[in-house]
């Protein structure tokens, strides 16, 4: 059942882009793959275009604008019934698409988050502080949205396309994660979490998110919280 659109934001991922796209295309659920290159300075674009599968479209941003900007562009181009985010590295496994889609197929969910903290699958052990930061940001987001997620910062966010394309998204960089979580919560959509496998990479291997992105995420959690928006609205009356 080919029903899934995969949006792949990419920035300087020449070492992994062919392998991750090959894995994505092996999934029996994938009907389209939209690679949005964020003005890479390496051979990412050429390598992505070297794959001849007709399901792949490669869009090149004219300047480096950030992951959130790349995702907005990809979401706007998607036509499949369901849309998922897939990072261009090898941290997340496309073999998990089936388990993520199950709550949607069963009519239980509108949005599915893949949680790295629910899974019992083997996973690589990496930086403690990165994991602790993820959990703190998830807790702060839950306090603002009244959700009970275990992994707000996960890459694997899967949506019914009609819901996704109604959201007005603004954040260009890693503030995308708390922003879209808050805006999905506001719609009253049915949100499920599913445990996924995870093979994290180190900063030496190319991981890009850092402590400054954590601070931006905190700012976005506050910015998109209902309390802040009510306060901002009252000031403009």
Before we move on, is residue 92 surrounded by 18 or more Cβ atoms within 10 Å (Cβ to Cβ), farther than 28 Å from residue 170 by Cα, in contact with a strand residue (DSSP E or B) (Cβ under 8 Å, 6 or more places away or on another chain) and at pLDDT 95 or above? no
Pick from region 95-133, criterion at pLDDT 95 or above, in contact with a helix residue (DSSP H, G or I) (Cβ under 7 Å, 6 or more places away or on another chain) and over 15 Å from residue 198 (Cα atoms), ranking: surrounded by the fewest Cβ atoms within 10 Å (Cβ to Cβ): 110
Per the list (1) out of contact with any strand residue (DSSP E or B) (no Cβ under 8 Å at 6 or more places or on another chain); (2) outside any helix (DSSP H, G or I); (3) within 23 Å of residue 33 (Cβ to Cβ), residue check on residue 162 breaks on (2)
Given (1) in contact with a strand residue (DSSP E or B) (Cβ under 6 Å, 6 or more places away or on another chain); (2) assigned to a loop (DSSP other than H, G, I, E, B), number of the condition residue 59 does not satisfy: (2)
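Let's see how each residue does on (1) without any contact (Cβ under 8 Å) to a residue 60 or more places away in the chain; (2) part of a loop (DSSP other than H, G, I, E, B):
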| residue | (1), (2) |
| --- | --- |
| 75 | no, no |
| 103 | no, no |
| 109 | no, yes |
| 118 | no, yes |
| 136 | yes, no |
| 141 | no, no |
| 150 | yes, yes |
Filter result for the condition that a residue is surrounded by fewer than 18 Cβ atoms within 10 Å (Cβ to Cβ), at pLDDT below 95 and out of contact with any strand residue (DSSP E or B) (no Cβ under 7 Å at 6 or more places or on another chain), over 170, 229: 229
Which of the residues belonging to region 14-40 are closer than 19 Å to residue 4 by Cα and assigned to a loop (DSSP other than H, G, I, E, B)? 27, 28, 29
Every residue in region 138-153 that is in contact with a helix residue (DSSP H, G or I) (Cβ under 8 Å, 6 or more places away or on another chain), closer than 26 Å to residue 88 by Cβ and either surrounded by 22 or more Cβ atoms within 10 Å (Cβ to Cβ) or modelled with pLDDT under 95 (or both), please. 141, 151, 152, 153
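The values are calculated or read from the model by the stated rules, or taken from the named source; none is laboratory data. Fair warning: this is a prediction, and the values are worked out from it, not measured in the lab. So basically every Cβ, Gly included, is an ideal-geometry build from the backbone, and we count neighbours across all protein chains shown.
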